[in-house]
Structures are given as structure tokens and as C-alpha cells.
Amino acid sequence: MSEAPPQIRNLAERLIAHETRGNKSSGTRTPAAFPVVEKLRPKLATLIGDAGFRALLSRALARAKAGVPSLRAVQVEADGALRGLAGLEAQADPREIAEGRVVLLAQLLGMLVAFIGEDLTLRLVREVWPKFSLNSLDVSRRQR
Amino acid sequence: MKKPNSAAKRKLPKKAAGPPAKVKIHAMPTGVQGLDEILGGGIPEFSFNIVAGTPGCGKTTMVHQIAFANGTPKKPALFFTVLGEPVLKMLRYQQQFSFFDESKVGKAVRFINLSDVAMDKDLNAVLEEIIREVTAANAGVVVVDSFRTLARKATSDVSSAEVQSFIHRLAQFLTSWEATTFLVGEYTEDEIRDNPLFTMVDGIFWLSQVSERNSVVRKLQIVKMRGQATVPGLHTVRIGAGGVQAFSRTLGLIDKQPHKARRRQLSTGVPELDKMLGGGIVEGDSLLVAGPSGTGKSALATQFIAEGLRRGEAGIMAIFEERPEGYTQRAGSFGLNLKAGEQKGKLEILYLRPLDLSVDETMEAILDAIKRVGAKRLVIDSLVGFEMALAPGFRADFRESLYRMIGALTGAGVTILSTVEVEDSFAALQFSHYAISFLTDDIIRLRYVEIDGQLRKVMVVIKMRGGNHSKDIREYVITDKGVVVIHPRRTDYDGLTTGIPTRTGPRKAQAEEAAPEPKA
């Protein structure tokens, strides 16, 4: 299964870090990886519907599992929410969980870039995190 | 009560005469090239419309163009997708068109998926969701795609009366909210009669694909548009890099002003021919040059354009048989420099030969070029090539469209020289395969004749609507000066028009002569 381009992985890492900082300041103890996906969910569901989001996330998860086997404990529910997080935390190494967070988010963003292009994907991200500093990924140029 | 006297009556301030002003219906631009003109100015604001047709006609692309043309951050266009094309795919494909402005997505143009509501709940929930989103966003344009699948799904759950009630409430809300609405759906023509939706909407945009032999052509009809006079009939539609483009049947020529009563006479570039025409082609005339292959029709057309350029009159050559390089080369061999005219922006040579052209889009290309260079002279070389370049389905419309274009252009003062190839029958003098008198003011016929053991060329002015003309049949040659009329009329032959004349005078001694036409 192909990995997300490094620029997208970098974006995923930065988004997770950004969200983690936000969560720390608000005193939340939830791990950051999946809340980023969770925060994207309503925006994407408005655009493509719950079923559309579920299909997209399921595919991203399937791709991510190839690189991070511990993500096999995670499934996508009918409304697009992720299930099995407790099992994941119980079984997996914290570093592998952190890697899983990045890989899943990078796969999701990578699929969006592949479907609707970098410009529209970054617009979606900006709408969800308006204060997040975001430059062009230039994925298409670097992939050539 | 005291009646006001007549003086008091006279002192009353005068009120504006006439009936009270009618409500002004503002027309929104569609963002679809050619469509505003077909609609009579644009889409009536706050109207409730349906964009219908069979799959692949361009419905979704057309409504995207309308949404992108009119959506603003303050009055956004809301694009509700319902059980139709998945949004990811829609965005993926639509962004390929040049009208798709990514910077508008999410602000001026917003996409909202209603598929889940439509699947899991009922029509009331769908309506509530639309009301909630439209109210929150203060939408100016609303698109529901596909409305057909929404209505079909609902019809399987509830009675048709409930579906009608839903449509009525939806229309009432969206109009009251000052939104202009487009419902998109795949419908068949029979449904226009039977489906009450078509009665309820203000406008019906009907898109279709017409196939004939191997060609398929998209068509648009404005079946209905309340409050506005639209151009009737089927209009050609093409989907290109810029999205949907529509070509009005009237070619936008309805409002062209007629030319002045007194008109100049334009030189053809062949002095003796000008004399035969009584001084030249009357400005604003349509001249047809008919003749078989090799008689110099294109040469004459080139000289006509070159003469215009020499006099500072811009021109357009719409060519369908020969490539532009061939034209400029031939002109060069006659000492005429067409390239200079092109470089100065005074001449455009349009090579229009792709397959499956529609007559309207071809004429649109010619009209656009005429506007660009401010052309006073137009050459169409040839009508036969023009007709052959069209998709088979358009050939039936060819003469009608050509008639409209020629009529409007000559009316606006453009002088047109068209060529048509005819076969010499050596029994009669044909002008064309089709009836042409309605197309032309003037006709020049070129033909081969057998004289003194040679196949020579003669020309005659058959008709000149604007005035008197020479009745002489004149021999001409094509030299390094182009078409040159060489002899006065011949009185020693009868039956020149048949191509096989008979000598009536005494046979003269024939000297061996060099070929008179080095460039032929």
C-alpha cells in the first residue's frame, strides 16, 4: 500500500501538533490523532455526506493499516466515527499509536488531494483550522 | 362638499402620465457563453427553474457555471447534492473547467450533501435542512442536484400529492427568500406533459443529445421562461474547456442595424470585372461566385480581400477546403501580401474544418472574427466545404442558418463573397446544387468552354440586385496577377454558356501560342 507523500505526512504531523496544543490548553486528555479526523468529519460530511465520509475514511484506514498494523483494532462506524480506540491504546506501543495517528490522517488528506486537488483540500483544512498556518503543499510538482 | 373650481384644478400638480411602472425583473448572468442572449438577457432573478434532460447533456456543468457566476460570500450559491453524482467526483471533474474558481469554494459557492437526510428521513426533513442552510447562509442561488432522484425516492415512500406539496413549499420558501433556484434532473420529454413539477416551475431548460449517423450534437431549448421573451427553438450546445457554451439560433444578429440607403461600390480587385459589375460590388451585397474546380473562385476571393486590405478595409476569410498557408502562398504568387494584413490585425483567415461542427458555432466563430477585426469584407470559401464540415444533423439547418447570417451581416454593411463549386454539364448553366437566389444579391458564373481546340475560361455576371450589369461573356485567364479578364465579348461564337460553342464567324488562322495561363 502506498505511503502518503512526505509533504502530506508533514501536514498531518503539524495538524496533530496544532490540535494537541489546543487540547492541552483546554485541558482535554483525548489523544490528538483521531480528534483531528473527528474535527474534519462534520466539514467533510456536509460536503460528501456521512456515507461519503465513512467510505473515504474506511479506505484511508485500510491503507494506513498496511503501514501500522496496530490500527487493525480500529474500525469506522456507520456515522463515520472511529471505534476501537480503547483497544488500540491497551494493545499498542504509544509510539506506534502516534505513528498510526499521523499515517491515518496523512492517508485521509492524501486521498482528498487525489480526488479534489490540493487547493480544495487546503481550503477545507483552513475552514476547520482558520488560525493554522498553511502553505501550498506542492504535491503534484514534487511527485513528478 | 365643495367642488374645486376649474382654476384650482389647473393648479394641481401634474402627475406622471401613463400607467404605473411595472415591476422590473432583474436578469442574472448565467456565466454560460451565449445563454444570456437565448434567455433574453439572463435568468430572471428569484425564479424557480428546472434544468432537465438525459444523462451527459451538460446539466450539472451548466448549473455549476451559474453558481460560480453568481455566488458571492454575502449571497452565496448553495449546491445541494442529493443521491446524484458523488460530490468528490463532481468537484474532481468540474474543477477541470476554466470557470471553476477554487477560491470561491466554501465561501461564495458551498456544497452541501443532503443524501443522508433524503435516505434516512422524509421530505419534510429535507425541506427543513434546505431552509436551515439557505437561511443561515443568506443564499442567492440554490441548486438541487439531482432533484429527480429525490422526488423519485420520495414518490416511492409517500403520495404524489405530498411530493407536490413539498415542491410547492420549497418554491415558496426559496422565492420568498429571494433565491434563484435550479432543480437538476434526468427527465424524459413525456414527463413535461405529465409531471406537475414542470407546471410549477418558472423556467424549463431542456438539454438533449441529438444523434444522426455517427455524429452526436447537444441541444438546448428554453421550453418555458415566465416573464421573459426567450429565443425559441433548439440551440446548439458544446461542452469545452470553458464549460457549456450555447449558440443561439439567431446568432445574436437580431438587433443589427440595417445599412444606409446609399451604398458605395467596392472593387473586386479585378478592374475589368468591376466594369462588368457596373463599378464593383455594391457594399453590403452578398456575391456568389459559382464555377467548377480550377476556374479561379478562390483566386477571385483572394483578390477581393486583398483589394479591401489595400483600401484599408479589414476582412475575414472563412475557408473550409484549402489550408491558410495555401491561401497566403497563392496570394503571394499574385503579388498580394495577405500576411501583412494578418500581422496588422486587418485580416483573419479562419480554417474551419474539424469534424462535427455545428452550423451555429461555425457562424459564431465567423461573427466573432468579424467583430475582432471590424471586417467590411467576408469571404466564405466554399459553401460546399462549409456544408461538408458540419455534422450530418446540422446540414438540414445549413441553408436556414446561412440565410440568417448572410441577411444580418449584409444588413450591417458587410460585403460577402461566397464561392460554390458546380459541375459544368456542357448542356446547361447551373449556378449551384441548391437554390441560392435567396442567399445572394449578385451571381458571377465561371465556366470552361472549348474554343479553338483549347479549354478556356469565361465569366458572366448573371445577376446583380443593386443595379445594371454587363451581359457580356468574357474570357479570362489566371496569371501571376491573379484573375485577369482578357477579351472583350466574343461575337464569333454561339452557345458559349453550354461550354461547347459553335463558331458563327469565319475561322481565323490559329497561330501556335504559348500556354496563356502559367499559374493555372
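The values are calculated or read from the model by the stated rules, or taken from the named source; none is laboratory data. This one's a predicted model, so the numbers in the text were calculated from it and none came from an experiment. Reconstructed Cβ throughout: ideal geometry from the backbone, glycine too, with neighbour counts over all protein chains shown.
For B:GLY284, all conditions in the list (1) surrounded by fewer than 21 Cβ atoms within 10 Å (Cβ to Cβ); (2) in contact with a Lys or Arg (Cβ under 7 Å, 6 or more places away or on another chain); (3) on the phi > 0 side of the Ramachandran plot hold save one; what is the number of the exception?
Among (1) surrounded by fewer than 21 Cβ atoms within 10 Å (Cβ to Cβ); (2) in contact with a Lys or Arg (Cβ under 7 Å, 6 or more places away or on another chain); (3) on the phi > 0 side of the Ramachandran plot, the lone unmet condition for B:GLY284 is (1).
Pairs, please: C-beta under 7 Å, at least 6 apart or cross-chain, first residue over 12 Å from B:MET405 (Cα atoms) and in the stretch B:342-369, second at pLDDT below 75 and crowded, with 18+ Cβ neighbours inside 10 Å?
Listed by first residue and then by second, the contacts come to B:ASP356/B:ALA391; B:LEU357/B:ALA391; B:SER358/B:ALA391; B:SER358/B:PHE394.
Tell me which residues, restricted to the stretch B:270-281, are buried (at least 20 other Cβ atoms within 10 Å of the Cβ) and not in a strand (DSSP E or B).
Within the stretch B:270-281, B:VAL270, B:LEU273, B:MET276, B:LEU277, B:GLY280 qualify.
Table: residues versus (1) of a type in the set (A, V, I, L, M); (2) at pLDDT 95 or above; (3) under 30 Å from B:LEU234 (Cβ atoms).
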{"residue": "B:LEU251", "(1), (2), (3)": "yes, no, yes"}
{"residue": "B:ASP255", "(1), (2), (3)": "no, no, yes"}
{"residue": "B:ARG264", "(1), (2), (3)": "no, no, no"}
{"residue": "B:MET276", "(1), (2), (3)": "yes, no, no"}
{"residue": "B:ILE281", "(1), (2), (3)": "yes, no, no"}
{"residue": "B:ASP285", "(1), (2), (3)": "no, no, no"}
{"residue": "B:LEU288", "(1), (2), (3)": "yes, no, yes"}
{"residue": "B:PRO292", "(1), (2), (3)": "no, no, no"}
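Which members of the stretch B:367-384 meet the condition of being part of a helix (DSSP H, G or I) and acidic (Asp, Glu)?
The answer is B:ASP368, and nothing else.
Return the residue satisfying two criteria in turn: it lies in the stretch A:12-31 and is over 20 Å from A:LEU88 (Cα atoms) and modelled with pLDDT under 60, and of such residues it is surrounded by the most Cβ atoms within 10 Å (Cβ to Cβ).
This residue is A:LYS24.
Report, by residue number, each residue of the stretch B:386-406 that is in contact (Cβ under 8 Å) with a residue 60 or more places away in the chain and touching a Ser or Thr at 6+ places or on another chain (Cβ under 9 Å).
Correct list: B:PHE386, B:ALA389, B:ALA391, B:PRO392, B:GLY393, B:PHE394, B:SER401, B:ARG404, B:ILE406.
Of all residues in the stretch A:84-118, how many are surrounded by 20 or more Cβ atoms within 10 Å (Cβ to Cβ), in contact with a Lys or Arg (Cβ under 7 Å, 6 or more places away or on another chain) and not aliphatic (A, V, I, L, M)?
1
Is it the case that some residue within the stretch A:73-92 is at pLDDT 85 or above, over 23 Å from B:GLY106 (Cβ atoms) and in a helix (DSSP H, G or I)?
Scanning the stretch A:73-92, I find at least one residue that is at pLDDT 85 or above, over 23 Å from B:GLY106 (Cβ atoms) and in a helix (DSSP H, G or I), so the answer is yes.
Looking at B:GLU387, B:GLU348, B:GLU364, which one is of a type outside the set (Gly, Ala, Ser), in a strand (DSSP E or B), within 19 Å of the chain's Cα centre (by Cα) and over 30 Å from B:ASN468 (Cβ atoms)?
Only one candidate passes the filter, namely B:GLU348.
Here are B:THR72, B:THR30: which of them is modelled with pLDDT of 90 or more, surrounded by 20 or more Cβ atoms within 10 Å (Cβ to Cβ) and not small (Gly, Ala, Ser)?
That would be B:THR30, the only listed residue that is modelled with pLDDT of 90 or more, surrounded by 20 or more Cβ atoms within 10 Å (Cβ to Cβ) and not small (Gly, Ala, Ser).
Give the stretch B:126-140 a look and list any residue that's surrounded by 14 or more Cβ atoms within 10 Å (Cβ to Cβ) and among the hydrophobic types (A, V, I, L, M, F, W, C), or say none.
Hits for the stretch B:126-140 are B:VAL126, B:LEU127, B:ILE130, B:ILE131, B:VAL134, B:ALA137, B:ALA139.
Tell me, yes or no, whether the stretch B:170-178 has at least one residue that is within 18 Å of B:PHE79 (Cα to Cα), out of contact with any Ser or Thr (no Cβ under 6 Å at 6 or more places or on another chain) and within 14 Å of another protein chain (Cβ to nearest Cβ).
Looking through the stretch B:170-178, none of the residues is within 18 Å of B:PHE79 (Cα to Cα), out of contact with any Ser or Thr (no Cβ under 6 Å at 6 or more places or on another chain) and within 14 Å of another protein chain (Cβ to nearest Cβ).
I'd like the residue in the stretch A:35-57 that is more than 14 Å from chain B (Cβ to nearest Cβ) and either surrounded by fewer than 22 Cβ atoms within 10 Å (Cβ to Cβ) or not in a helix (DSSP H, G or I) (or both) and, out of all such residues, is modelled with the lowest pLDDT.
A:PRO35
Restricting the search to the stretch A:115-135, which residues are more than 9 Å from every other protein chain (Cβ to nearest Cβ) and not aromatic (Phe, Trp, Tyr)?
The answer is A:GLU118, A:THR121, A:LEU122, A:VAL125, A:VAL128, A:PRO130, A:LYS131, A:SER133, A:LEU134, A:ASN135.
With the condition being touching a residue at least 60 places away in the same chain (Cβ under 8 Å) and within 11 Å of chain A (Cβ to nearest Cβ), I'd like the strands (runs of 3 or more DSSP E) fully within the stretch B:35-141 carrying at least 1 qualifying residues.
B:77-81
Can you report the number of residues in the stretch B:466-520 which are of a type in the set (A, V, I, L, M), under 43 Å from the mean Cα position of the chain (by Cα) and at pLDDT below 70?
1
Table: residues versus (1) surrounded by 15 or more Cβ atoms within 10 Å (Cβ to Cβ); (2) out of contact with any His (no Cβ under 9 Å at 6 or more places or on another chain); (3) under 29 Å from B:GLY312 (Cβ atoms); (4) touching a residue at least 60 places away in the same chain (Cβ under 8 Å).
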{"residue": "B:PRO324", "(1), (2), (3), (4)": "yes, yes, yes, no"}
{"residue": "B:ARG330", "(1), (2), (3), (4)": "yes, yes, yes, no"}
{"residue": "B:LYS376", "(1), (2), (3), (4)": "yes, yes, yes, yes"}
{"residue": "B:THR410", "(1), (2), (3), (4)": "yes, no, yes, yes"}
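Spot the failing condition for A:VAL139; the list is (1) within 14 Å of chain B (Cβ to nearest Cβ); (2) at pLDDT below 85; (3) within 16 Å of A:SER2 (Cα to Cα), and only one is missed.
In the conditions (1) within 14 Å of chain B (Cβ to nearest Cβ); (2) at pLDDT below 85; (3) within 16 Å of A:SER2 (Cα to Cα), A:VAL139 misses (1) alone.
Rundown of residues vs (1) at pLDDT below 95; (2) surrounded by 21 or more Cβ atoms within 10 Å (Cβ to Cβ); (3) in contact with a Gly (Cβ under 6 Å, 6 or more places away or on another chain), yes/no style:
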residue	(1), (2), (3)
B:GLU45	yes, no, no
B:GLY53	yes, yes, no
B:CYS57	yes, yes, no
B:LEU78	no, yes, no
B:VAL82	yes, yes, no
B:GLU85	yes, no, no
B:TYR93	yes, no, no
B:ALA108	no, no, yes
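Could you list, in sequence order, the residues of the stretch A:58-70 that are within 14 Å of another protein chain (Cβ to nearest Cβ) and among the basic types (Lys, Arg)?
A:ARG59
With the structure loaded, tell me whether B:ASP368 is at pLDDT 85 or above and over 20 Å from B:GLY326 (Cβ atoms) or whether it fails that test.
Yes: the conditions hold for B:ASP368.
Considering only the stretch B:208-230, state which residues are among the β-branched types (Val, Ile, Thr), under 18 Å from B:GLU400 (Cβ atoms) and crowded, with 18+ Cβ neighbours inside 10 Å.
If the condition is that a residue be among the β-branched types (Val, Ile, Thr), under 18 Å from B:GLU400 (Cβ atoms) and crowded, with 18+ Cβ neighbours inside 10 Å, then B:VAL217 is the only one that fits.
Matching residues to (1) within 30 Å of B:TYR403 (Cα to Cα); (2) free of Cβ contacts under 8 Å to residues at least 60 places away in the same chain:
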| residue | (1), (2) |
| --- | --- |
| B:SER159 | no, yes |
| B:ILE167 | no, yes |
| B:GLU186 | no, no |
| B:VAL223 | yes, yes |
| B:ALA229 | yes, no |
| B:PRO232 | yes, yes |
| B:THR236 | yes, no |
| B:ALA246 | yes, no |
| B:ARG249 | yes, no |
